[in-house]
Amino acid sequence: MRNKIVNRRYGKATRLEVPAAQLRLDAFGFKPVKRRNDREHGKTDEDSRTGAQDAALATFCDGEFKSRVQSILQLEDGNSSTYYISNAPVKLQWRGGSLVSPCSGQTVTLWIIGLLQRVKMAHVDGSPVSRVTVTIEPARSSDLAAAHILTRRHSHALAVHNHLDAGGDLPDLTIGAWSMADVGTGSGAKVVPFEAVYDARNVYSTNRADMPQLRGTDLKPGDVDLVEATVSQSMITGNQLGQPVTWVAVLELARVQLLKRDT
């Protein structure tokens, strides 16, 4: 099967068709940038060796799909402030409640590939939930650590991330988003289905409209998904009267793209 990619980065639609094994980031509309200094990204030589030798990736995928995944793992595009989670720069700053690039001022978007463990998109009766969540096991243990370290680094209340200091196993990533919209009736925001879910198994496009859209309830545990997230501030109020309000950094769900399903 051949994969279709539509590149609209430069305002001109160029449709490419290449085998999945040959999918590269330049075809996605991104240009990988080689880091001059891994230490600027908070990474050490040991971290790099761990990522390269991580057995989790070998069991996670194989064949042509593994080649596709490895291409995505390289994503580091400063022009669009889009990074794979383990390639995110250390020097980011808050603006309007979101992490942005200090150079461009753009909101940072993080990509994470993982095995879907749990998903909450609707109630038992099928009605949408106000806060949707997906829980994934990242493809590599180093990606999981990178996500927890990033949120701790940019949090005001570091104590809430003490699981990183306790030496225990890191929890899987739970990423959520409020799914509310003003329907214009004057009654305020209404809960609506989360619609940023796409089928990228056969088609990947930088223009989301060119990919088949899925319902959030179509996602299943065991799927291999590409999750796109931003980082926002979540307020935490103190337990005692007069105690100052603090906040933590959380991953905010932007899009989910289905990459593979075994059945």
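The values are calculated or read from the model by the stated rules, or taken from the named source; none is laboratory data. What you see is a predicted model; the values in this text were computed from it and never measured. Cβ atoms come from the backbone with ideal geometry, glycine included; neighbour counts cover every protein chain shown.
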### Query
Identify, please: which residue in region 180-222 is assigned to a strand (DSSP E or B) and exposed (fewer than 13 other Cβ atoms within 10 Å of the Cβ) and is, among those, modelled with the highest pLDDT?
Gln213
### Message
Between a residue in region 208-220 that is under 16 Å from Thr133 (Cα atoms) and any residue that is surrounded by fewer than 14 Cβ atoms within 10 Å (Cβ to Cβ), which pairs come within a Cβ distance under 6 Å, given they are 6 or more apart or on different chains?
### Response
none
### Answer residue from region 148-179, given it is of a type in the set (S, T, N, Q) and either at pLDDT below 80 or surrounded by fewer than 17 Cβ atoms within 10 Å (Cβ to Cβ) (or both) and is nearest to Tyr84 (Cα to Cα) among those
Thr174
### Filter pass, Leu115 being surrounded by 13 or more Cβ atoms within 10 Å (Cβ to Cβ), under 13 Å from the mean Cα position of the chain (by Cα), part of a strand (DSSP E or B) and among the aliphatic types (A, V, I, L, M)
yes
